[in-house]
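Have a look at the structure below, then the notes.
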Amino acid sequence: RLAPDGRRTVVATAGDLWIQDIARATFTRLTSEQTVGNAFPVWTPDGSRVLFRTSSGMSWISADGSGQPNAIAGAVPGDIPCSVAADGDTLAFMRQNAQTSRDVYVLSLTGRSGPRPVVNTSAYEGGPQFSPNGHWMAYASDESGQMQVYVRPFPGPDRRWQLSSQG
């Protein structure tokens, strides 16, 4: 994924995350053996941290590689981070649910609020992305019988509009 500053990417390969400096064409390992199954990296809007899935839940680490990975409170194995809102605090992610397939959830990265569903139906919902101003969320759903892209105001009200004829 491309960093907000456009000068770096974060790449997941073989269970680890690497930061690529695009101008210098160098790679720096971001994760180590302290976390396993590292995948689905997401930048914070200020580019200071990278959030990612591990085999035990979701974690974050400083994008400069300093420090250790930190578990995200309220995450469970199988959660997949997707987008951080412009406020730098609200994480949109996908959570598997035995009754409803995948659903869209949000949580506060500072612990102000735990995980809560935003889109939770019997259909598959996934890939949530915040708009640049954080007031809208786009996501995909197969509630119509095929994948479609929808947008909804965030945090509410509970309305949505279909944006695609095929998602």
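The values are calculated or read from the model by the stated rules, or taken from the named source; none is laboratory data. Here the structure is a predicted model, which means the values were calculated and not measured. FYI the Cβ positions are ideal-geometry reconstructions off the backbone, even for glycines, and counts take in every protein chain you see. For the accessible areas, the whole protein counts, side chains as well, though only heavy atoms, and no ligand, DNA or RNA atoms are used. Shrake-Rupley method; radii C 1.70, N 1.55, O 1.52, S 1.80 Å.
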Sorted by chain and number, the residues with a modelled amide H under 5 Å from that of Ala3, at a separation of 5 or more or across chains, are Arg8, Thr9, Val10
Expressed as a whole number of Å, what is the distance separating the alpha-carbon centroids of the range 1-56 and the range 117-155?
-> 25
Efficiency by 1/(1 + (r/R0)^6): what FRET value for Gln166 and Thr110, r their Cβ-Cβ distance, R0 = 41 Å, to the nearest 0.05?
-> 0.60
Simple spin-label estimate for Thr26 and Asp64 in nanometres, 7 Å along Cα-Cβ = 1.4
Would you mind computing, in nm to one decimal, how far apart the modelled labels at Thr13 and Val36 are, each placed 7 Å from Cα along Cα→Cβ?
-> 2.3
Square roots of 5 times each gyration tensor eigenvalue, C-alpha, the range 1-80, largest first, Å = 20, 13, 10
Tell me the trypsin sites (Lys or Arg not before Pro) within the range 26-121 that lie in a loop according to DSSP and have at most 16 other beta-carbon atoms within 10 Å.
-> Arg112
Whole-Hz Karplus couplings 3J(HN,Hα) for the range 40-54, θ = phi - 60° and coefficients 6.51, -1.76, 1.60, Gly and Pro as x, run 6, x, 9, 7, 6, x, 8, x, 7, 9, 10, 9, 7, 8, 10
Using a Gaussian network model of the chain with C-alpha springs under 10 Å, which one of Ala92, Ala63, Ala14 is most mobile by mean-square fluctuation?
-> Ala14
Cβ-placed point charges (K, R +1; D, E -1), dipole of the range 1-105 about Cα centre in debye, nearest 20 = 240
For the range 3-14, 3J(HN,Hα) per residue [Karplus equation, 6.51 cos²θ - 1.76 cosθ + 1.60, θ = phi - 60°, Hz, x = Gly/Pro] | 5, x, 7, x, 9, 9, 10, 10, 10, 9, 8, 6
Just the number, please: Stokes-Einstein D of the chain in µm²/s, Kirkwood Rh from C-alpha pairs, 20 °C, 1.002 mPa s.
-> 131
With every protein chain in place, what's the accessible area of Trp136 (1.4 Å probe, Å², nearest 10)?
-> 100
In Å, what Rg and Dmax follow from the Cα atoms of the range 80-160?
-> 11.9, 37
Per residue, what accessible area does the chain have, given a 1.4 Å probe and all protein chains present, in Å²?
-> 50
R0 of 25 Å, Cβ-Cβ distance Tyr124-Ala71: FRET efficiency to nearest 0.05 | 0.40
